[in-house]
1. Applying the Karplus parametrisation 6.51 cos²θ - 1.76 cosθ + 1.60 with θ = phi - 60° to the phi angles of segment 119-132, what ³J(HN,Hα) value in whole Hz is obtained for each residue in order, glycine and proline being reported as x?
2. Residue farthest toward the positive end of the dipole of segment 99-191, with Cβ of Lys/Arg at +1 and Asp/Glu at -1: which of 179, 136, 153?
3. Report, in degrees rounded to the nearest 10, the 0 to 90 angle that the Cα long axis of helix 155-169 makes with the longest principal axis of the chain.
4. What are the ³J(HN,Hα) couplings of segment 193-206, residue after residue, when phi is run through the Karplus curve with 6.51, -1.76, 1.60 and θ = phi - 60°? Round to Hz, x for glycine and proline.
5. Of all accessible surface on segment 91-200 at a 1.4 Å probe, what whole percent is carbon and sulfur?
6. Report the one residue of 64, 222, 35 whose Cα lies farthest in the direction of the positive end of the charge dipole of the chain (charges on C-beta: Lys and Arg +1, Asp and Glu -1; origin at the Cα centre).
7. Can you compute the charge dipole magnitude of segment 71-144 about its Cα centre, using +1 on each Lys and Arg Cβ and -1 on each Asp and Glu Cβ, nothing else charged? Give it in debye, rounded to the nearest 20.
8. May I ask you to give the solvent-accessible area per residue for segment 113-210, in square angstrom, as obtained with a 1.4 angstrom probe?
Amino acid sequence: MVNLRSAYDPLALLQESAVFGILPEAELQRLAGTCRLETYKVATLLSRAREPVQWHRLVLRGHIEISARDASGDEVVLTEFGPGSWPMWVACVTDVLPANDTCSSAGCVCMAMPTAELRATCERWPQLYRRILIEVGMRMRMVMEWTSQSVLLRPEQRLAKLLVILARTHGITGTAGRLPITQARLARLAGCSRSSVSELLGLLRQRKLVDAHYGWMQFDDLGALTAFADDSATRAGAGHSR
């Protein structure tokens, strides 16, 4: 790991946070002093399933994956969180042990806060819990959207829905944006083959909803992509083709 304090300002990051930004300046300065900046040159296991999480991380570059692994060692990526995300709220503010592993991407940069400091700060400033619940609630809403709608969508819409959710978890909030993701990783998240993803991206490109590049996707109109993913008329008219 390389210390990046010269490039990233922990105090400024906390001040801009939707959760921590309500704290008094003195408390923010104290909390910032407990943080460290990390970079991972290769994909790295950050925390194991069923073990306490020691560090609460804010993704600054790259992404953090949440994955599940069976007894034989086979792994599936459940979701990922990009810049601006704190992936592990529940495990860090409660005694509930995480059910899954977390892993950084290659080139991932994070600001890490000791879990013990986070909990102590929440005890002193309980109003933080309401803001944390809002963050967790928004995340649960995205999970419910994916689990409930993806089984009803035809493949082209299903991939569009996944891209919309990934755009949100990577902090893309405007009408246009660039999502750093390979087709191979997208296939892992979608649970299909890379050739299927390539074919479906081609269909979305024909609709001028996504422009696929090597290692990233470009959205020029995220609203249009969202509308297509949620279009019940398109879903009903096409049925399931795969």
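The values are calculated or read from the model by the stated rules, or taken from the named source; none is laboratory data. Fair warning: this is a prediction, and the values are worked out from it, not measured in the lab. Ideal geometry is used to build each Cβ from the backbone, glycine not excepted, and the neighbour counts take in all protein chains shown. The accessibility values were calculated without ligands, DNA or RNA, using every heavy atom of the protein model including side chains. Shrake-Rupley method; radii C 1.70, N 1.55, O 1.52, S 1.80 Å.
1. Result, ordered by residue: 5, 5, 5, 5, 5, 6, 10, x, 5, 5, 4, 4, 5, 5 Hz.
2. So the residue furthest toward the plus end is 153.
3. 20 degrees
4. Rounded to whole hertz, the list is 7, 5, 5, 5, 4, 4, 5, 5, 5, x, 5, 5, 5, 4.
5. 59 percent
6. Positive-most Cα among the choices belongs to 222.
7. Here the size comes out at about 460 debye.
8. That works out to 51 Å² for each residue.
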